Amino acid sequence: MANDGDFDIMYVGTLHQFHREHAQGALEAGKNVLVEKPFTTTLDDALALTELAEKKGLFITEGLWTRYFPAVEHALHMVRGGSLGEVKQVEADFCFNAADGDAGVLLDKELAGGANFYVSIYSLGYTTAVFGTEPEKILATGHVMEGVDLNNVVVLQYAEAKTGIAISGMQVESAEEVRISGTRGRITIHTPSHCATSATFCLKLEGRGNVEYEHKKNYSKASNVRVTNPQRVVSVPS
């Protein structure tokens, strides 16, 4: 397929264990590649693909759409602009009950199933997006059944007393929200946070009290900004 047709980029959305093989074939055929998560099932495979893409001057990336939703882009814009002060903590969860769907595929070891490969990237992705650096220490625990993780909790410790907490699982229905907390305010990205359409921003005023305003769905229009305490607002970051 990669050798047929006049196209520039190929999307790899096959079963997890075939991502390396199919992405490599596309790169060798001179195609840019978008790989569905997980990018690969091993670090060695991931490094091999990125090195091959660099060698050939091609683009390859993991298809993590979450960062490109306007709600998430706006939240990260506020973080990087300093609206929250110094961000010290990120908490994210994404758990669902696999028994409601095709649990056979989701929990099949031979098909690279489990919470880590299917949903952890969403929770961990928020922490890496906010802090943007490698953690100094990673702590993890979880429950494994027949070689497949049913759930996991990962704590990432960063310099300057910053912490990321990522919870993922395939047994329960969690809130699927993200909380980003800084010295001057906080952001809650609401469910479903992996494809977020709304977020609440709470900014600290001088003295006691918070200013809270909420963006929903269409982030390009000011009419979609709701200020819940307008008499105390001096300015609302855009």
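The numbers here are math on the coordinates, done by the rules we state, and not lab data. Quick caveat, the model's predicted, so the values are computed rather than measured. A quick note on method: Cβ atoms are made from the backbone with ideal geometry, for glycine too, and the neighbour counts reach across all protein chains shown.
Data table
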item: Rg over Rh [alpha-carbon atoms, Kirkwood Rh] for segment 9-62; result: 0.90
item: Counted charge near Leu27, where neighbours are those whose Cβ lies closer than 15 Å (Asp, Glu -1; Lys, Arg +1); result: -3
item: Compactness index (Cα Rg / 2.2 N^0.38 Å), segment 23-124; result: 1.34
item: Stretchable slack from Thr61 to Val155, in nm (0.36 nm times residue separation minus alpha-carbon distance); result: 31.3 nm
item: Mean Cβ count within 10 Å, highest first, over the residues of peptides 61-72, 109-120, 41-52; result: 109-120, 61-72, 41-52
item: Residues Phe201, Phe94 arranged by fewest to most Cβ contacts within 10 Å; result: Phe201, Phe94
item: Least to most buried among Asp4, Asp93, Asp108 (fewest other Cβ within 10 Å first); result: Asp4, Asp108, Asp93
item: Order of Val172, Val148 under a 10 Å beta carbon neighbour criterion, fewest first; result: Val172, Val148
item: Two-site FRET efficiency, Thr41 against Arg80, from Cβ-Cβ distance with R₀ of 25 Å, rounded to 0.05; result: 0.20
